[in-house]
Amino acid sequence: MLDKMKELIRQKSICVLSTVSENRPHCSLMVYATDPECREFYMVTSRETQKFRNLIENPHVSLLIDSREKLGGTDAGRAHALTVSGRVEEIRDDKKRKDTTRLLLERHPHLGEFFQKDDTALLCVKAESFLLLKGLSEAHYEKF
């Protein structure tokens, strides 16, 4: 089932990033790229956002990647939803920053201008577990 989880991750390029601060959840729509094993998720954000402030306070995050756009409203019960739980850290190493920037720009060329800003932060979510829900009741869990 891990292969199916990775397949969904590789097919998609947008996720919902959930952060929390003082027990207040915050969700953000994000684009991402991953390492070959789908264990690290790379994203970019401004340091001036609520999500970044939340990440500084609490590095535990959740990502949601799903297949709902393939289905019409009447077929929503057949959607697949993958929850990735992990910890986030800012990428500070120069080589890792360069490699991550390249990966993100290959997948999301529209981010080019964003990378020119001084307050841009590169993030890495290190996956700790995957939970795949298929339809309304079939669940599969992988812990790393």
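Read-outs: derived from the displayed coordinates by stated rules, not from any lab. Note that the coordinates shown come from a computational prediction; the quantities given were computed from them, not determined experimentally. Counting neighbours? That spans all protein chains shown, and the Cβs are built from the backbone with ideal geometry, glycine included.
Descriptive notes on the structure:
- Karplus-derived HN-Hα couplings along region 53-69 (A = 6.51, B = -1.76, C = 1.60, θ = phi - 60°), whole Hz, x at Gly and Pro: 4, 4, 5, 5, 6, 8, x, 6, 9, 9, 10, 10, 10, 9, 10, 4, 5
- Cleavage-rule hits, trypsin sites (Lys or Arg not before Pro), region 88-129, DSSP coil, Cβ neighbours within 10 Å at most 14: 92, 117
- Taking a ≥ b ≥ c as the square roots of the Cα gyration tensor eigenvalues, region 84-138 comes out prolate, since a/c reaches at least 1.5 and a/b is larger than b/c.
- Restricting region 74-144 to GluC sites (Glu not before Pro) in coil, as DSSP defines it, with at most 12 other Cβ within 10 Å: 113
- For residue 135, distant residues with modelled amide H under 5 Å away: 79, 80, 81
- Expressed as a whole percent, the proportion of Cα-Cα pairs in region 15-100 lying more than 23 Å apart is 30%.
- Taking amide H atoms as placed 1.01 Å from N in the peptide plane, the amide H of residue 91 lies under 5 Å from those of 122, 123, 124, each 5 or more residues away in sequence or on another chain.
- Based on DSSP H segments of at least four residues, each scored -39500 (n - 2.57), the chain has a per-residue ellipticity at 222 nm of -6500 deg cm²/dmol.
- A convex hull fitted around the alpha carbon atoms of the chain yields 123 Å³ per residue.
- Listed residue (131, 1, 121) projecting farthest to the positive dipole end of the chain, Cβ model: 1
- Only Lys, Arg (+1) and Asp, Glu (-1) charged, at Cβ; region 1-127 dipole about Cα centre in debye: 180 debye
- Sparse-neighbourhood loop sites, GluC sites (Glu not before Pro) in region 1-65 - DSSP loop, at most 11 other Cβ within 10 angstrom: 22, 37, 48
- Relative contact order computed over the chain (Cα-Cα under 8 Å; 6+ residues apart), in percent: 27 percent
- FRET efficiency for the pair residue 49 and residue 144, taken as 1/(1 + (r/R0)^6) with r the Cβ-Cβ distance and R0 = 35 Å, rounds to 0.80.
- Sequence-ordered 3J(HN,Hα) estimates for region 85-97 from the Karplus curve with 6.51, -1.76 and 1.60 and θ = phi - 60° stand at 9, x, 10, 10, 9, 7, 7, 10, 5, 4, 5, 5, 4 Hz, glycine and proline given as x.
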